[in-house]
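Shown next, in structure tokens, is the structure this report addresses.
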Amino acid sequence: MEILIKIENKIVRLILQDKRKVVDETSFEGEYQLSEKLLPEIDKLLKRNNFKPEDIKRIKSEVDAEKSITTYRIAKTAEKIFNWANIRNF
């Protein structure tokens, strides 16, 4: 399982996928509160599908970087921290 964080035109889409197949998806407007909303929304997506964070192999992000460098940094930081922690099996 993977999660794709896709941000385009101020809309954040969280896509839970098994290989290339979309299992579930959620979206929210996240231009100004991304740092506050991102992790709780990922948690909701996982709980709704009966998964735990350790069931996710990695998180990827695709961000329309020209719109907001802060949005890009928040998404990339969440991606890198999750993937780092996952490798170390915390």
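Where residues in segment 48-85 are at pLDDT below 90 and assigned to a loop (DSSP other than H, G, I, E, B), which of them is surrounded by the most Cβ atoms within 10 Å (Cβ to Cβ)?
Across segment 48-85, the extreme among qualifying residues is Ser68.
Hey, among the residues in segment 1-47 that are farther than 17 Å from Val63 by Cβ and either among the aliphatic types (A, V, I, L, M) or touching a residue at least 60 places away in the same chain (Cβ under 8 Å) (or both), which one's surrounded by the fewest Cβ atoms within 10 Å (Cβ to Cβ)?
Val22
Might you check whether a residue that is in contact with a Leu (Cβ under 9 Å, 6 or more places away or on another chain) and modelled with pLDDT under 90 occurs anywhere in segment 3-15? Step through it out loud before you land on a result.
First, pick out the residues of segment 3-15 that are in contact with a Leu (Cβ under 9 Å, 6 or more places away or on another chain): 3-7, 12-15.
From what's left, modelled with pLDDT under 90: none.
No, the conditions are met nowhere in segment 3-15.
Determine whether Val63 is touching a residue at least 24 places away in the same chain (Cβ under 8 Å) and within 12 Å of the chain's Cα centre (by Cα).
In short, yes.
The values are calculated or read from the model by the stated rules, or taken from the named source; none is laboratory data. Worth saying up front: this structure is predicted, and the values here are computed from it rather than measured. Positions of Cβ are backbone-derived with ideal geometry, glycine not excepted, and every protein chain shown enters the neighbour counts.
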